[in-house]
Each structure stands twice: as structure tokens, then as C-alpha cells.
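Readers should treat all values here as calculations from the given coordinates under stated rules, not as data from a laboratory. Values in this document were obtained by computation on a predicted structure and should not be read as measured data. All Cβ positions, even for glycine, are placed from backbone atoms using ideal geometry, and neighbour counts span all protein chains on display.
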Amino acid sequence: MIPVLETERLVMRGWAKGDFDRVAAFLGDEQLTRFVGGASGRDDAWRRFASMAGHWSLLGFGLWALEAKEDRRLVGWCGLLSPEGWPEPEIGWSLFAGEHGRGYATEAALRARDYAYRDLGWTTLMSFIHPDNRPSIRVAERLGARFEKPFVIRGWEVGIYRHPAAEPAKLKPANLN
Ligand SMILES: CC(C)(COP(=O)(O)OP(=O)(O)OC[C@H]1O[C@@H](n2cnc3c(N)ncnc32)[C@H](O)[C@@H]1OP(=O)(O)O)[C@@H](O)C(=O)NCCC(=O)NCCS
């Protein structure tokens, strides 16, 4: 049920049990997770992993696992999320250790946003980003998103970055024949 999307360098797919070790390694890293809910041991990482997978069943959209086409390794996740307490759906991204600085997050987010606008018919998207998370702010800005306002989510002070709205569907020219 989870659509498989492709970009130039990535396959965006649903989650498999075999992905857990890579996900748990990321979620166990205090530095990498400081702006995405903090580090977890493997048991709590399992709950977070299962909740990413379950989000798809409950809402029909979610975070895709990002696989590099060159060798099928898992490099991170990106996608659409709307958990309890979110004021509206968000587009989010995270890359595992050693996968930063190659443009994967931007590449995947462009595809996920296109999916939200074209396939789901959404008209707007935002990203929550902590003011100290400069790499993530750069991703948002490269995507054309702009700081809109501060917001507090689960006790965290973040910024809402507003993405460019979906372009209205082009009207089909009248058939003159
Ligand atoms: C946020 C995060 C995903 C950003 O990762 P990133 O690698 O900087 O982002 P991208 O994959 O889009 O890569 C862009 C960088 O790669 C460089 N790059 C190299 N090759 C590139 C290519 N082919 N295309 C685009 N950019 C490329 C860009 O110049 C850019 O670097 P810069 O920001 O220093 O200019 C990463 O820091 C992360 O996972 N952090 C931990 C989790 C997290 O905080 N998630 C976000 C929560 S809001």
C-alpha cells in the first residue's frame, strides 16, 4: 500500500523489518537526534520505528525509507507526517551518519512534496525546524520554504517553515476540434 517513488539517486519505499538496525543506530545517536526527539535505546527505537511504519496504515501517508540506488543502502527517511498534536501535516527529513552533504534530503523532499501536491491534492506544507538546526533550515530554504512563525510542539520551541503552495492545476485548453 505504500507507493514506491524514485528520484535520480534514490528509491523511496516502505519500511521493512530489516531496516531496523540502521534506524536504531540513527536513533541511538545523541548528536544526530537532538532536534528530532532525542536519542533512544533499541527498545524505544523499536516503538519509534513501528510508529513510522504504522503511520502509513492509519493515515495513508508517512515517512519513506530512502534507499541509495547505487548500492541499495538505507540513507535516511523523508516524507509526510501528521501525528497527534501537529496543527497540520509536516514534511520532514533525516539522514543517517555518513550520508550528509550529498543533497539526498533535498532530492527526496522535492519528490515527497510533489507527491503531496499532485497525488494527495494537498495545497500547502510546512516543516518544523529548531532555530539551531542550520543544516535543516538550509534544506528548507533550498526547497523555497520560508520562516513563518515560531511554534511550540511537545515543549520544543521550533520555527514553522512554509513551503511554496501547490500551483493551481493548469486549466485544460478548450478542445477546438
Ligand atoms: C537535516 C539534514 C537532513 C540535512 O542534511 P544535508 O545533507 O545537509 O542536506 P541535503 O541532503 O539536502 O544535502 C545538502 C548539502 O549537500 C551539499 N551537496 C553535495 N552534493 C549535492 C547534490 N548533488 N545536490 C544537492 N546538494 C548537494 C549541498 O551543498 C548542501 O550542503 P550545504 O548545506 O553545506 O550547502 C541532516 O543534517 C540530518 O539528518 N540531521 C539530523 C536529523 C535532523 O535534524 N532532521 C531534521 C529535523 S527538522
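Annotations
- Residue among 25, 97, 65, 112 that alone is crowded, with 20+ Cβ neighbours inside 10 Å, over 28 Å from residue 149 (Cα atoms) and either of a type outside the set (S, T, N, Q) or without any contact (Cβ under 8 Å) to a residue 24 or more places away in the chain (or both): 65
- Search result, residues across region 127-138 that are free of Cβ contacts under 8 Å to residues at least 40 places away in the same chain and touching a Phe, Trp or Tyr at 6+ places or on another chain (Cβ under 6 Å): 127
- Yes/no for residue 84 being away from the ligand (no atom under 13 Å from the Cβ) and charged (D, E, K, R): yes
- Residue in region 123-134 that is more than 24 Å from residue 14 (Cβ to Cβ), surrounded by 13 or more Cβ atoms within 10 Å (Cβ to Cβ) and either more than 14 Å from the ligand (Cβ to nearest atom) or of a type in the set (Lys, Arg) (or both) present: yes
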